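Each remark here refers to the structure printed beneath this line.
The values are calculated or read from the model by the stated rules, or taken from the named source; none is laboratory data. Because the structure is predicted, anything quoted here is derived from the model rather than measured. Ideal geometry is used to build each Cβ from the backbone, glycine not excepted, and the neighbour counts take in all protein chains shown.
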Amino acid sequence: MNSTIEAITQRIIDRSRNSRQKYLAVMRQTMDGNPPKKRLSCGNLAHAYAGCGSSDKQTIRLMQSANLGIVTSFNDMLSAHQPLEVYPNIIKEMARSMGSSAQVASGVPAMCDGVTQGQPGMELSLFSREVVAMATAVGLSHNMFDGNMFLGVCDKIVPGMLIGALQFGHIPAVFVPAGPMHTGIPNKEKARVRQKFAAGEVGQEELLEAETASYHSPGTCTFYGTANTNQMMVEMLGVQLPGASFVNPNAELRTALTEAAVKYVIACTQSAGNYRPMYDVVTEKSIVNSIIGLLATGGSTNHTLHIVAVAKACGVEITWQDMDELSRVVPLLARVYPNGQADVNDFQNAGGMAYLVKELRLGGLLNEDVTNVMGQGLEAYEKAPELNEKGEAVWGDSFGDSKDEEVLRPVTNPFDQEGGLRVLKGNLGTGVIKISAVAPKNRKVTAPCIVFESQHDLIDAFKRGELDKDFVAVVRFQGPSANGMPELHKMTPPLGVLQDRGFKVALITDGRMSGASGKVPAAIHMSPEAKLGGPLSRVKTGDIVHFDADAGVVKVELSDEELNGREQACETEITQDLGRSLFGGLRAIAGTSQKGATIFDFDAEY
């Protein structure tokens, strides 16, 4: 195994020893003291299965087989979640065929960052992860379930479900995705039309046609943003079946994989005699494997928040420095938009997760001593699923060569020797950047900064023709405590236009950028945030900023004395609501971006 990965893994184990042991102790005590169903009174049980048919009632009543809890993010407005409507019935029928039962434990909210991008609703986005976690826990709190199944896909839903599920880590768990929609217009063409619209070269009708041709049917968006990075993450964690991530909705194999998920989670339950709780699957080693998957595929920067928060939920402490150091030794094996021109369907056709895991294993880049829903080790995860003559999902031989080395490459011939995630530090604070999608010539900018209080101010300045020059945009008061840390993807087209015009531009913000962003160098998640007195609150338009992604430096050319002596700017008053007021308490207790921007104080618990 790669010595650096081994050392970092051990460092994480050592750092997390106390909190992890406390978490495991709580999980084991919960199973011993409150095993599913066994502690429920007759009245409790009667309430819990009153809505079931007579057969399921009898199965649950006997307590000799597994009862599965289903947590679903189904809604039919959002394409990624619409296919989940039929999953509960598939799961219930499969469970019944095995002498078990299944019930929908709860629904969780599923918002789409694509719908709320640049809108007031985006200020609810990050903390919807916390709401999903709590909604997951409420559903599972009935203590009726021997195994849990999670139907979720997109940006905050899967991390939220993971955080909630880990509070029931004594129960086996499996995640079941919906899969990506079929390919629409190329992502490069969509980005081109967006930039032309930003530049005033096409109208709204042309833009809407391009967007509709891209997002056109049920399934996850096809670029490699946060939603699809989620699927990679749970597969690398071992809580999703091998090769389940990127099979299209309505395919026969998609249904067969959902049925197989039922079989495997039942096999992990205590009643099956092969107890494999979630806390044995999500460990320090499997979390490091998920980070390696993130780096090797050039995944979403949102996971610098999500992985930290998920890890904390099971007593594991991950830092950005861990991610940065891992990035230096993990090669980039995939190029999928925005880190290339291919989409996730191309990735799947080239070999997908099976090929990726095989190559990472060949390179000694993964922790092999892990448990997953399939059993022990990672061998099963380098095999692609297929249908047998009975229409069941089976896994055969390890995946062979890449079918397209423009999309997916072997570990001996990577696109880059590094994963492309960097931590940026300087007198403006600490942030992260995904440089794998930024051309080398654009990674270093030294120029006067222009300070904006919102992304809309930047866009308006662009439209007025005020930004045709070299500059570093500072967009502040966008952190968790200020306005909930929204994604600021609407700035990408105008900044991309300016970059294409030959200007040197960069972005520094305490907010987030979309998982689809990357062309323009951006120092994001800057901490401490401006709202909490971070250095960004003291920067003024005209200050010279030095931005060097390769060197990991972001600083303003001012002495500490001058910078610290300036008066702190104030946050702009918010006049809109759209549910924002309900999240005021969450903003007030939000942790820093380096701590995952979570409201949950797992440090106190573990």
- Message: Could you check region 246-256 and list, in sequence order, the residues that are farther than 11 Å from Ala178 by Cβ and either without any contact (Cβ under 8 Å) to a residue 24 or more places away in the chain or buried (at least 17 other Cβ atoms within 10 Å of the Cβ) (or both)?
- Response: Leu253, Thr255, Ala256
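So that you can scan it fast, the table gives a plain yes or no per residue for (1) more than 17 Å from Tyr279 (Cα to Cα); (2) free of Cβ contacts under 8 Å to residues at least 40 places away in the same chain:
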residue: Met27; (1), (2): no, no
residue: Thr30; (1), (2): no, no
residue: Gly33; (1), (2): no, yes
residue: Arg39; (1), (2): yes, no
residue: Ala48; (1), (2): yes, no
residue: Ser54; (1), (2): yes, yes
residue: Leu62; (1), (2): yes, yes
residue: Ser73; (1), (2): yes, no
- Counting just the residues of region 140-151 that are over 19 Å from Ala178 (Cβ atoms) and in contact (Cβ under 8 Å) with a residue 24 or more places away in the chain, which one comes out surrounded by the most Cβ atoms within 10 Å (Cβ to Cβ)? Gly147
- Query: Which of (1) surrounded by 21 or more Cβ atoms within 10 Å (Cβ to Cβ); (2) modelled with pLDDT of 95 or more; (3) part of a helix (DSSP H, G or I) is the odd one out, the single condition Ala461 does not satisfy?
  - Reply: (1)
- Task: Please find, within region 120-136, the residue that is surrounded by the fewest Cβ atoms within 10 Å (Cβ to Cβ) out of those that are touching a Lys or Arg at 6+ places or on another chain (Cβ under 9 Å) and without any contact (Cβ under 8 Å) to a residue 40 or more places away in the chain.
- Result: Val131
- What residue, of Gly431, Gly396, Gly400, is under 24 Å from the mean Cα position of the chain (by Cα) and either over 30 Å from Gly591 (Cβ atoms) or assigned to a strand (DSSP E or B) (or both)? Gly431
- Note on the structure: Within region 403-428, the count of residues that are in a strand (DSSP E or B), surrounded by fewer than 20 Cβ atoms within 10 Å (Cβ to Cβ) and touching a Leu at 6+ places or on another chain (Cβ under 8 Å) comes to 1
- Task: Go over the candidates Gly69, Gly99 one by one and state the one that is in a loop (DSSP other than H, G, I, E, B) and either in contact with a helix residue (DSSP H, G or I) (Cβ under 6 Å, 6 or more places away or on another chain) or at pLDDT 95 or above (or both).
- Result: Gly99
- Residue list for region 99-119, restricted to those being in contact with a strand residue (DSSP E or B) (Cβ under 9 Å, 6 or more places away or on another chain), polar (S, T, N, Q) and surrounded by fewer than 24 Cβ atoms within 10 Å (Cβ to Cβ): Gln103, Ser106, Thr116, Gln117
- Item | Restricting region 507-558 to residues that are in contact with a Pro (Cβ under 9 Å, 6 or more places away or on another chain), without any contact (Cβ under 8 Å) to a residue 60 or more places away in the chain and not in a loop (DSSP other than H, G, I, E, B), the residue that is surrounded by the fewest Cβ atoms within 10 Å (Cβ to Cβ) | Lys531
